[in-house]
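Worksheet: the structure to be examined is printed underneath.
The values are calculated or read from the model by the stated rules, or taken from the named source; none is laboratory data. Everything quoted here is computed from the prediction, not taken from an experiment. Note that each Cβ is placed from the backbone with ideal geometry, even for glycine, and that neighbours are counted across all protein chains shown. Just so you know, the surface numbers come from the protein's heavy atoms only, side chains and all, with ligands and any DNA or RNA stripped out. Shrake-Rupley method; radii C 1.70, N 1.55, O 1.52, S 1.80 Å.
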Amino acid sequence: VLLLQSSDLGLGLFIVGLALAMLAVEPFIGLLVYILFTYTGPQAYVPALAGLRVMLVIGGATLVSMLARRVLVADTPQTKIGPAGYLLLWFLLAIIASHLAHLEFAQAFSSATDILSHLILCFLIMKLVVNKNRLRYAFIAVFVGTVALATQGIMQHLSGVTLIETPEFKGGRIAGIGQFVNPNMLAIALVCGLPIGYALLRRSRAVVARVLIPVGMAQCVFALYLTNSRSGALTMGVVVALALVRWLGPVRGLILGVAIFLLIFQFGPSRMAMMSPTEASAFGRLVAWDMGYQIFFQNPLFGAGADSWYAKYQALVAHNSFLHC
């Protein structure tokens, strides 16, 4: 209600309330909220939140609360960020330097604030997920967020209405929200959520959880099909094959895994039938890879600047994260 009246007042009271809860109870609450906001992305479809860096604000409030609580509470568990943490900090500096090398000062600030919210998330996970109970709650938040993505995708398919208009949805493919607005990114998020759901199911003793978790996993599988994502279907095949090898051993697992791969090609999303290097979409990726190599050789030391793949070169998504970076 407050957000409808004033975005500043509503967001301010929410952050203050969240910060007080984290100080009084536990900053880990802020991390769970951050994870859920990552999956639900309300800033993309709630007008009052449009243009606000909600993720950076929530992450920053959680970080400040964590530091303040460590000063106030002596027995707060201490953890080291390790090599991965220092690598992420270096990545932030590299992004800034990449823009500055091309005298892109405004873009340097924009990219730094964009990546900073992600770095804060990684840092909070390193510092706050310090035992098995917290890991379990973090997994629950991720799985709930994944099911939320699947649910809104299925609702798109049934109603024909989407929270965010995308070209892919007009072509019959469901899309996600926030970080997962692209059907392929949505598909990968759904695939990643399935093993987490299975792990939670194996360790759950509550009857309600043992009923709801399989229902959520079934929603994820159906939504994965509706994305019509070839990369998502192939990744799902790899996940299933790995699970079969673990359950049945390498020989029987691989044989059954190959059989499932063949079934995916036969009965999977309709675009699986178009798996060919001469097909327009696949050929476009090969062209994008060639452009990526050219961009790299033209800017071997500092790179071309964050997001230049789209902003400067208008290149097609390469489906290759290494090449994008």
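Some values worked out for this structure:
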| read-out | value |
| --- | --- |
| Debye, to nearest 20: dipole size of the chain, +1 on Lys, Arg Cβ, -1 on Asp, Glu Cβ | 1180 |
| Percent RCO, i.e. relative contact order, over region 53-122, from Cα pairs under 8 Å lying at least 6 residues apart | 44 |
| Hz values of 3J(HN,Hα) by residue in region 11-19 - Karplus curve (6.51, -1.76, 1.60), Gly and Pro given as x | 5, x, 5, 5, 5, 4, x, 5, 5 |
| Cα-based radius of gyration of region 123-212 once divided by 2.2 N^0.38 Å, which approximates compact folds | 1.26 |
| Where the chain is the region considered: accessible area per residue in Å², 1.4 Å probe | 57 |
| Average Cα contact separation per residue, the chain, under 8 Å, 6 or more apart, as relative contact order % | 15 |
| For the chain, built as a Gaussian network whose Cα springs stay under 10 Å, the top-fluctuating residue of Leu119, Leu87, Leu135 | Leu87 |
| All Cα pairs of region 169-254, percent lying beyond 15 Å | 63 |
| Per residue convex hull volume, Cα atoms of the chain, in Å³ | 185 |
| Fraction of accessible area attributable to carbon and sulfur, the chain (%, probe 1.4 Å) | 72 |
